[in-house]
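A.B. asks: What follows is a structure written as structure tokens; I'll ask about it next.
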Amino acid sequence: MAQSTGNLGDQVAQLNAARTLVLGDAAFYPQIVNGVLPIVGARAHLELRRWGAEFLAETFSSPALALVQKEQLSAVALQMLRDTLELPEKDTLVLKHIVEAAASLYPLVFRHIINHPEDTAAWENMTAIKDEILRRWDSFPFPVKVCCIKFVQRVVQVQTHGVTDPRVRSRKDPQATQPVDVDVDHFQRPEQNETSLAIVPRNHPLLSLPNLEAEASGLLDRLLSALQEDESDPLLVNATLNSLSVLVRTRQSIGNKIINAVLSFVPAKQARTPITPAVRVGVKSMERTARALMVNIMRRNNNHPLASKMQQHIDRLMQSRQEAVDDSSKKRGLPTEPTDGLDNAKRARLEAESPPLLKVPPLPSGPISYAQLFTLTEDAGLSSFDVKQLPVDLLVKIVVPLLARVEPSTMYQAVDAIRSRYQTVQKQQAAQPPPAEEEDDDDYEPEYQPMDVAAPETEQPAQSTEPADLQPDLVSLGPFVLPQPPPLSETEAADIGRGAVGRVFDMLATSTTAPAAKGKGQQNLGFSRLAGSTFDRDAWVTLLTRLATRAPAGLEGKPDTGKPTISDSIRETLYRYILEDFRGRVNVGIMWLNEEWYNDRIQMKFAASQRTEDDEEPSVNIHYDKWSLRLLDGFLPYLDSRDTKIFIRFLSEIPEVTIPVTQRIASLAKDPERVNLCVQSLMYLIMFRPPAREMCLNAVEDVYQTYEESRPAASKVLSRWRPHSTVLEQTLVTRTENQP
Amino acid sequence: MAYDPRLASAGTATPDPPPPPPPPPESAMAASAEAELADRTAAASSQEQQSDSYKLKFCTVCASNQNRSMEAHLRLSTASSPFPVISFGTGTLVRLPGPSINQPNVYNFNTTSYSQMYEELLAKDERLYRNNGLLNMLERNRNLKWGPERFQDWVPGMPRVDHVSKGDKGALGSEGGVVDVIITCEERCWDAVVDDLMNKGSQLNRPVHVFNVDIKDNHEEALVGGKAILDLANRLNEAAVQERRAHNPQGWENGTGEARSSFDEKVPEILAAWQEKWPNLPALWTLAWL
């Protein structure tokens, strides 16, 4: 035993000497690493394994060792690490260093594989280590878990697209002692591009871009989950937060995702009861670390789009911590005050600061006088003392020093007491209408004691100098009329109008559709229902469409004034709102166009009725034609051959199909993919919309003639609905002519 | 049965539990730990020697690497069982008080030694700098290491073997240029350290606990702070040593509950317990990466 112990001690001493050698001169690393590995391998004594794992972690992270040498050494080290890990290794410290080493090796090996796709063994070992680490991540002891966070962060960093500097053509000899992953922005011209997916060739035999990217995305989610769980350990959260900065900085594609995860993380939520001092340390540290991360990001990129959100979040964090943790710490502070009598001075002072509670006698019931309102003393003699008996100059001599010496807290208490009395009286009087004047006098006269004020109330003397008139009505003020606001200019009014419209649109975004049950109830009402009677999204849409169409009708002058009107701006906004998602909002469009059409009719009718004999043709702004075409033009380009149902629904429910509309539909046939959509919609209109039948048939003929691809479908429609169409015959003729 | 009238006021409420025994002094705790150790198998005892000599590596940081961080550097590196320790400043320049508030003595980091500063101030106005304690401080510092170093210029993992040969205190054990614990002496410095570690991009993939112990920048407070930091260091190191023992396979069965939880996990509790003892030095902590 002693023998083996001695041997072990000697071995460790020798190993330490070797380490000192390489620390002194990095050139010895290859020699030492190769010499040391067999001694500290998977089956070595625990102490040696710990030493070995730590040494490898140090070697591959050392800024003193050149990358090219690290790359050369990685092959043997990978094998040894994999063997140790898969044995399986159970010691926390060995595991910890293995994961650290793996985190350093991963970018190194990844780059190696990019340039040497033939080295499958190295990649296989690296992947095996990665898989093993990821598999055991959740079951690892705590310190290893922490290191896994860093490992995963490295993997994510390597397996997402980074920034490549086009000036770096290919891999130059990486003699640089700086690690590869130093921020690109530290250097004017990087020696080589940072290791990332961006430098993986598309046709790499081992590295499949989509797979790697997908894996990275999954790992990032897992990494960020530490911030999303309800009960996270501050250790893991801090480790995560502190590892994220470099990802946000160098990986734009995932930056916002990370920042949003950090923004939705509220450390104060983690403050579970009981709030032990350790919990407080944890919450405070998470809050400060999150803040440090956001400050770091913002400092790097001043005009980050999320900067203002981050600033807000920082402020909120500060506040929430104060509420959740510091508050309780204040409460807890008191009992920890020494109570052994040594600290009497302090305690006495504390007591002195809490003022004696002022006793506030209740007011007598019934109407009261000012004097009673302000009397806080219960001493009968004192309250019946008439201050007016004293000369004014004497009074001043007494009152001024008294005011100076009065305890502020007592003063506040007294003022508060009077205020609350006053408010109660006010409420009482508001509740019951004041009785008639004479009655008042009757009630008050006997009780009225003009000068019954002499309590240690500081404002009393001032009060008492006033004529202590009886004022039964403390608060009866005349009705208050707001002054008229200054008139708005036309542009101001338009601005405000637009603002109001904007808010209604906001309501569309926030309000939900009506609950299903309610919706059904409404449908049952049939024609007797009222539009916009519930406050769901439909109601707001109804409101908006009518606001656009009916509200300003007839107020907006002649059609040719060319000024943008409020209703047009609503229309414009509605138009954009519908186009943002025309598939989902087609019913809004239909509703709107119906309103337009209806309004146009009403306007025309009204104009006709106003028309006098000598008037010229009545001119009415017609909106329906313009906006229906505009809407159609807006979404036609995005219409897809699968949108048949939506499109047909739109065409069937708009109030009027005009020739320009049919022409728009016909234009769909230009696109061979949408020929069927075009013919089917026209056929629908022919079948179910008799007023539009003729113009649709014309459109079909037109389509038939112009676009070859439409013929099979269109000829069916034509032969059914217009069997004697000249177009059909012509083509038949030309066909027969062409066939010899 | 005798009835104690004094209990009457307590009614049916349960009497307060007896106060917990006061924590044993550290020497006693070490002794009990040793007693525990004695029970272990011979195989484990071979580890013991190793584990007991295990030391966490520390780094102390203040603004100028002169007063607070150096006092802590002194304490840690000259403790009865000395810790490996390195120290830094986070300021842009080393600033020492001068004849008036707007005439500070300013030096560069990394290139000016404490001895140079000492000689210069001695020549300038010996009486002034003797009285305000600067010369004493520099005297102390130049016996600890060569000169003030800037945190932002530190490359973690860069070997510091030469510091051993220079005789820097605390250099033994910190040759690898890495540390397990960073202790700053001011929140501003903590912010700077955490921020700088993020900027450095954590090349080593090695976790590091970053503490702040808020100490006012004067000689008296620095003395108190140094003592408190040593206390914190001892507590942390004890947990780390325990971890090395508990997690070796032979000792696995022996460690229970608390003893099994790792050093890292215990840090918030250690800091909280420490804070109760040092309520006037508000502390802060995070786990960052070197």
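A.B. asks: Considering A:Val262, A:Val283, which residue is within 12 Å of another protein chain (Cβ to nearest Cβ) and closer than 18 Å to A:Val237 by Cβ?
C.D. replies: A:Val283
A.B. asks: If you don't mind, there's one more thing I want to ask. Considering only region B:144-166, state which residues are more than 19 Å from the chain's Cα centre (by Cα) and touching a residue at least 12 places away in the same chain (Cβ under 8 Å).
C.D. replies: B:Trp146, B:Gly147, B:Gln152, B:Asp153, B:Val155, B:Gly157, B:Met158, B:Pro159, B:Arg160, B:Val161, B:His163, B:Lys166
A.B. asks: Taking the condition of being more than 8 Å from chain A (Cβ to nearest Cβ) and part of a helix (DSSP H, G or I), how many residues in region B:198-208 meet it?
C.D. replies: 1
A.B. asks: For region B:126-135, how many residues meet the condition of being surrounded by 14 or more Cβ atoms within 10 Å (Cβ to Cβ) and assigned to a helix (DSSP H, G or I)? Walk me through how you get there before you give the answer.
C.D. replies: First pass over region B:126-135, keeping only residues surrounded by 14 or more Cβ atoms within 10 Å (Cβ to Cβ): B:128-129, B:132-135.
Imposing the further condition that a residue be assigned to a helix (DSSP H, G or I) reduces the set to B:128-129, B:134-135.
Result for region B:126-135: 4.
A.B. asks: Suppose we filter A:Leu227, A:Leu223 for residues that are at pLDDT 90 or above, in a helix (DSSP H, G or I) and of a type outside the set (Ser, Thr, Tyr); which single one remains?
C.D. replies: A:Leu223
A.B. asks: Of the conditions (1) more than 25 Å from A:Gln429 (Cα to Cα); (2) surrounded by 13 or more Cβ atoms within 10 Å (Cβ to Cβ), A:Leu394 satisfies every one except a single condition; which number is it?
C.D. replies: The one condition A:Leu394 does not meet is (2).
A.B. asks: A further question follows. For region A:60-71, how many residues meet the condition of being crowded, with 20+ Cβ neighbours inside 10 Å and facing another protein chain (nearest Cβ under 10 Å)?
C.D. replies: 4
A.B. asks: Additional query: Can you pull out the residues in region B:77-92 that are within 16 Å of B:Glu149 (Cβ to Cβ), buried (at least 16 other Cβ atoms within 10 Å of the Cβ) and out of contact with any Asp or Glu (no Cβ under 9 Å at 6 or more places or on another chain)?
C.D. replies: Step one: filter region B:77-92 for residues within 16 Å of B:Glu149 (Cβ to Cβ), giving B:77, B:84-92.
From the residues that got through so far, the ones that are buried (at least 16 other Cβ atoms within 10 Å of the Cβ) too are B:77, B:84-91.
Selection gives B:Val85, B:Gly91.
This table checks each residue for (1) of a type in the set (D, E, K, R); (2) more than 14 Å from chain B (Cβ to nearest Cβ); (3) part of a helix (DSSP H, G or I); (4) more than 30 Å from B:Val161 (Cα to Cα).
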residue	(1), (2), (3), (4)
A:Leu56	no, no, yes, no
A:Leu73	no, yes, yes, no
A:Leu81	no, no, yes, no
A:Ala102	no, no, yes, no
A:Pro117	no, yes, no, yes
A:Ala128	no, yes, yes, yes
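A.B. asks: Scan region B:181-197 residue by residue and report those that are in contact (Cβ under 8 Å) with a residue 40 or more places away in the chain and within 11 Å of chain A (Cβ to nearest Cβ).
C.D. replies: B:Glu187, B:Trp190, B:Ala192, B:Val193, B:Val194, B:Asp196, B:Leu197
A.B. asks: Return yes or no: is B:Lys216 part of a helix (DSSP H, G or I) and surrounded by fewer than 19 Cβ atoms within 10 Å (Cβ to Cβ)?
C.D. replies: Here the answer is no, as B:Lys216 does not meet what is asked.
A.B. asks: Could you tell me whether A:Gly41 is within 13 Å of chain B (Cβ to nearest Cβ), at pLDDT below 90, touching a helix residue (DSSP H, G or I) at 6+ places or on another chain (Cβ under 9 Å) and surrounded by fewer than 22 Cβ atoms within 10 Å (Cβ to Cβ)?
C.D. replies: It is false that A:Gly41 is within 13 Å of chain B (Cβ to nearest Cβ), at pLDDT below 90, touching a helix residue (DSSP H, G or I) at 6+ places or on another chain (Cβ under 9 Å) and surrounded by fewer than 22 Cβ atoms within 10 Å (Cβ to Cβ).
A.B. asks: Of all residues in region B:155-170, which are in a loop (DSSP other than H, G, I, E, B), small (Gly, Ala, Ser) and more than 7 Å from every other protein chain (Cβ to nearest Cβ)?
C.D. replies: Pass one, region B:155-170, residues in a loop (DSSP other than H, G, I, E, B): B:155-160, B:166-170.
Next, only the ones that are small (Gly, Ala, Ser) stay: B:157, B:167, B:170.
Passing the criteria: B:Gly167, B:Gly170.
A.B. asks: Okay, next question. B:Pro99 - would you say it is away from chain A (no Cβ under 14 Å), at pLDDT below 95, outside any strand (DSSP E or B) and over 18 Å from B:Ala288 (Cα atoms)?
C.D. replies: When the stated conditions are applied, B:Pro99 passes them.
A.B. asks: Would you please name the residue that is nearest to A:Glu100 (Cα to Cα), looking only at residues in region A:9-38 that are free of Cβ contacts under 8 Å to residues at least 12 places away in the same chain and more than 13 Å from chain B (Cβ to nearest Cβ)?
C.D. replies: A:Pro38
A.B. asks: Within 20 Å of A:Arg583 (Cα to Cα), of a type in the set (Lys, Arg) and out of contact with any helix residue (DSSP H, G or I) (no Cβ under 6 Å at 6 or more places or on another chain): which single residue out of A:Lys670, A:Lys626, A:Lys645 fits that description? Break it down into steps so the answer makes sense when it comes.
C.D. replies: Numbers: A:Lys670 fails: within 20 Å of A:Arg583 (Cα to Cα); A:Lys626 fails: within 20 Å of A:Arg583 (Cα to Cα).
The unique qualifying residue is A:Lys645.
A.B. asks: Only one residue in A:Val155, A:Val200 is under 36 Å from the mean Cα position of the chain (by Cα), at pLDDT 90 or above and either within 14 Å of another protein chain (Cβ to nearest Cβ) or surrounded by 12 or more Cβ atoms within 10 Å (Cβ to Cβ) (or both). Which one?
C.D. replies: A:Val155
Condition check ((1) assigned to a loop (DSSP other than H, G, I, E, B); (2) touching a helix residue (DSSP H, G or I) at 6+ places or on another chain (Cβ under 8 Å); (3) modelled with pLDDT of 90 or more; (4) away from chain A (no Cβ under 12 Å)) across all residues:
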| residue | (1), (2), (3), (4) |
| --- | --- |
| B:Asn110 | yes, yes, yes, yes |
| B:Glu139 | no, yes, yes, yes |
| B:Gln152 | no, yes, yes, yes |
| B:Leu172 | yes, yes, no, no |
| B:Val178 | yes, yes, yes, no |
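A.B. asks: Being modelled with pLDDT under 85 and either of a type in the set (A, V, I, L, M, F, W, C) or in contact with a Ser or Thr (Cβ under 8 Å, 6 or more places away or on another chain) (or both) is the filter here, so list the residues in region A:549-581 that pass it.
C.D. replies: A:Thr549, A:Ala551, A:Pro552, A:Ala553, A:Leu555, A:Glu556, A:Lys558, A:Pro559, A:Ile566, A:Ser567, A:Ile570
A.B. asks: Every residue in region A:228-246 that is more than 26 Å from A:Pro274 (Cβ to Cβ) and at the interface with another protein chain (Cβ under 8 Å from one of its Cβ atoms), please.
C.D. replies: A:Asn242, A:Ser243, A:Ser245, A:Val246
A.B. asks: Suppose we filter A:Leu382, A:Leu402 for residues that are closer than 29 Å to A:Gln429 by Cβ, in a helix (DSSP H, G or I), assigned by TED's automatic domain parsing to the domain that holds A:Ile418 and modelled with pLDDT of 50 or more; which single one remains?
C.D. replies: The conditions single out A:Leu382.
The values are calculated or read from the model by the stated rules, or taken from the named source; none is laboratory data. Every value quoted in this text rests on a predicted model; they were computed, and no experiment measured them. Note that we place each Cβ from the backbone using ideal geometry, even for glycine, and neighbour counts take in every protein chain shown.
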